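Just below is one structure, and these are the notes that go with it.
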Amino acid sequence: MCPFKTAAHLVNALKENGVDYRYFEMPHSGHGLQNDDNMYEQYLNTVEKYLDQYLPVK
């Protein structure tokens, strides 16, 4: 979680360096992941897929 301007700089740097990333913007949340259950579920599913891909449990 970070201010939008900070996130924009990070996203640009990730793109420029070819880093695999997912960006979620949650306009209805405060400092955390609340008030938007659908986006929260998408976020958790993406984290699970990322972990399965890069840190698989064997």
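The values are calculated or read from the model by the stated rules, or taken from the named source; none is laboratory data. Just so we're clear, the structure is a prediction, and the values are computed from it rather than from any experiment.
May I ask you to list the residues in the chain that are at pLDDT below 90 and among the small types (Gly, Ala, Ser)? Within the chain, Ala7, Ser29, Gly30, Gly32 meet the criteria.
Among the residues of the range 1-25, write down those that are over 11 Å from the mean Cα position of the chain (by Cα), of a type in the set (A, V, I, L, M) and outside any loop (DSSP other than H, G, I, E, B). Selection gives Ala8, Leu10, Ala13, Leu14.
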